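Written out below as structure tokens is the structure these notes cover.
The values are calculated or read from the model by the stated rules, or taken from the named source; none is laboratory data. Since the model is a prediction, treat every value here as computed from it, not as a measurement. So basically every Cβ, Gly included, is an ideal-geometry build from the backbone, and we count neighbours across all protein chains shown. What goes into the accessible areas is simple: the full protein's heavy atoms, side chains included, and nothing from ligands, DNA or RNA. Shrake-Rupley method; radii C 1.70, N 1.55, O 1.52, S 1.80 Å.
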Amino acid sequence: MQSQAPIVILGAGQAGVQIAESLRQEGFAGRLLLLGEEPHAPYQRPPLSKRWLAEAGSLSALSLRGPDALVRRQIELRLETRITAIDRVRREVHPSNAAPLSYAKLAIATGALPRTLAVPGASLNGVLALRGIADSLAIGAAIRRCAAEQQPVVVVGGGFIGLEVAASARKLNAAVTVLEGMPRLMSRVTAPIVSEAFTRLHRSHGVQLLFGAQVTEIVGREGRVVAVRTADGQEYPAGCVVVGIGVLPDDVLARAAGLACERGIIVDDCSRTSDPLIVAAGDCTARRMPDGELLRLESVQNAVEQGKAGAAALMDRERPFRSTPWFWSDQYDVKLQMVGLSPGYDQVVTRGDLSKPAFSAFYFAAGRLLAVDSLSRIADHMQSKRLLDRGLSPTPEQAADPLFDLQSLLKEATADGA
């Protein structure tokens, strides 16, 4: 009977696991079915482009939740299960290798897919992109081969993933060239002063950085990449190419099922979709904001908080996700921690040492704090997060003054009952 059907969760990553565990915490005692496409138990994805890639760590080091932990919570995990369709009328999902599975309610946490290069040669051997464990292992092996054979690694894209892979490749003693189509690194998410700091950092580690580089062809020989050609006719030798030009939400199943989608599966603050029986969480979503705009966040925090909100919604409760977004990136020995959303800023001030780099960039709009990027300034990041969570703002002058204690604003607000 339909009432005895389980809650089914599509996707066994961070968001999917969070939904399952939060359902148990919310008191759901029914059957929970967690479906993952990969052969691996749930694991952490951020290390795949960072330390794990460079050090070829063990799979256990990536573990998010082991099978035993899921069994204790009575969460039924099915791996290597690819869903081909969602039937909302019959309340079923269709695995490629098994009979349809009925659901009472459904959660979609299918993540995102790497953007691909739409140029000749993009499918040659040695052209790689990062999504899961298998990709990270393949990239690591390719980088080690390039280092041993003294062949360059070419990274297409100067965003987080591209730069983290570049840093990992340099740790493995491979020559690295980064081709970025925009005028500076991480230009969509950081101010020029932050981009400049990372440009100096990567060049100090021997990375060749090229800006305004529009890739027009991946050049191959006998089916394998040998170079990357750009619009100006230049060719950059390559033993392998890692494409890191962003991701697209994996909303294919949702679109085919008729759920509202635009830049991802559209959800509200409680992770509810256009179907009252279906929630969605993580990188596959776009959240409708109070002003009507859609917000896409690709982060662990987003997956966790949307997962908690979605679990509550499945229990017909409201637990909206409204906390300040935060992100991070590790490159060499520098940790970039970001909190808030900076679009619309009209002023940036800094505190700290720009040369190390160990500084924070504070983004303001009309004198109000929007976001803070901290480079190896953990205290600044934590204090800024608390300020933004409470709607507090230093003045630009206070933020730029290294002697001004940001914590004092929190203490004053607490004393005033704010």
**Message:** Given points 7 Å out from each Cα along the Cα-Cβ axis, report the Ile193 to Ser96 separation in nanometres with one decimal.
**Reply:** 4.9 nm
**Message:** Ignoring everything except DSSP H segments at least 4 long, calculate the 222 nm mean residue ellipticity for the chain; use -39,500 (n - 2.57) per segment, divide by total residues, nearest 500.
**Reply:** -8000 deg cm²/dmol
**Item:** Extension reserve of the Trp328-Asp346 stretch, reckoned as 0.36 nm per residue once the Cα distance is removed
**Value:** 4.2 nm
**Complete:** Cα-Cα longer than 32 Å, checked against Lys50/Lys308; Lys308/Lys356; Lys171/Lys308; Lys50/Lys411, kept in input order, equals Lys308/Lys356; Lys171/Lys308; Lys50/Lys411
**Request:** Compute the FRET efficiency between Leu248 and Ala400 as 1/(1 + (r/R0)^6), taking r as their Cβ-Cβ distance and R0 = 35 Å, and round to the nearest 0.05.
**Result:** 0.35
**Message:** What does the charge count around Arg72 come to, taking other residues whose C-beta lies under 14 Å from its C-beta (Lys +1, Arg +1, Asp -1, Glu -1)?
**Reply:** 0
**Prompt:** For segment 58-135, what class follows from the C-alpha gyration tensor (a ≥ b ≥ c being the square roots of its eigenvalues): rounded when a/c is under 1.5, otherwise prolate if a/b is larger than b/c, else oblate?
**Reply:** oblate
**Request:** Quick one: go through segment 195-231 and flag any residue whose amide nitrogen is under 19 Å from the point 7 Å out along the Cα-to-Cβ line of Leu354.
**Result:** 195-204
**Item:** Cα pair count fraction exceeding 17 Å, expressed as % - segment 155-219
**Value:** 35 percent
**Request:** With viscosity set to 0.890 mPa s and temperature to 25 °C, compute the Stokes-Einstein D of segment 141-268, Rh being the Kirkwood radius across alpha carbon pairs; µm²/s, no decimals.
**Result:** 153 µm²/s
**Asked** Got a number for the accessible area of Ser58? Probe 1.4 Å, square angstrom, nearest 10.
**Response** 60 Å²
**Message:** Please list Trp328, Trp52 from largest to smallest accessible area, probe radius 1.4 Å, with all protein chains kept in place.
**Reply:** Trp328, Trp52
**Message:** If you split all Cα-Cα distances of the chain into 10 Å bins from zero, what percentages do you get per bin, shortest first?
**Reply:** 5, 20, 27, 26, 17, 5, 0, 0
**For Thr230, net neighbour charge (Lys/Arg +1, Asp/Glu -1) across residues whose Cβ lies under 15 Å away** = -3
**Prompt:** Which length gain, in nm to one decimal place, applies between Ala413 and Arg203 when the Cα-Cα distance is subtracted from 0.36 nm times their residue separation?
**Reply:** 71.3 nm
**Request:** Leaving ligands, DNA and RNA out of it, work out the accessible area of Leu185 with a 1.4 Å probe and give it in Å² to the nearest 10.
**Result:** 0 Å²
**Item:** Probe 1.4 Å, all protein chains present, accessible-area order of Ser408, Ser168, largest first
**Value:** Ser408, Ser168
**Exposure of Arg145 as accessible area (Å², to 10), given a probe of 1.4 Å and all protein chains** = 60 Å²
**Asked** Between segment 292-370 and segment 386-418, how many Å separate their Cα centres?
**Response** 18 Å
**Asked** For segment 110-200, what class follows from the C-alpha gyration tensor (a ≥ b ≥ c being the square roots of its eigenvalues): rounded when a/c is under 1.5, otherwise prolate if a/b is larger than b/c, else oblate?
**Response** oblate
**Request:** Rank by packing, highest mean first: peptides 354-361, 43-50, with packing defined as the count of other Cβ atoms within 10 Å averaged across residues.
**Result:** 43-50, 354-361
**Request:** Would you mind listing how long segment 347-418 runs along its three principal axes, going by Cα atoms, in whole Å with the largest first?
**Result:** 40, 24, 19
**Asked** segment 229-335: D in µm²/s via Stokes-Einstein (Kirkwood Rh, Cα pairs, 37 °C, 0.692 mPa s)?
**Response** 207 µm²/s
**Message:** What does DSSP give for the chain in terms of the percent of beta bridges that are antiparallel, rounded to the nearest 5?
**Reply:** 60 percent
**Request:** Subtract the Cα-Cα distance of Ser63 and Leu294 from 0.36 nm times their separation in residues, and report this length gain in nm to one decimal.
**Result:** 80.0 nm
**Asked** Given segment 1-90, what percent of its DSSP beta bridges are antiparallel, to the nearest 5?
**Response** 10 percent
**Asked** By its C-alpha gyration tensor, with a ≥ b ≥ c as the square roots of the eigenvalues, how is segment 1-120 shaped: rounded for a/c under 1.5, else prolate for a/b larger than b/c, else oblate?
**Response** oblate
**Asked** Quick one: ranking Val215, Val348 by accessible area, 1.4 Å probe, largest first, what do you get?
**Response** Val348, Val215
**Request:** Take each uninterrupted DSSP H stretch in the chain, measure its Cα extent along the helix axis, and return the ones at 15 Å or beyond whose mean Kyte-Doolittle hydropathy is at least -1.0.
**Result:** 14-25, 133-149, 160-171, 192-204, 300-314, 378-389
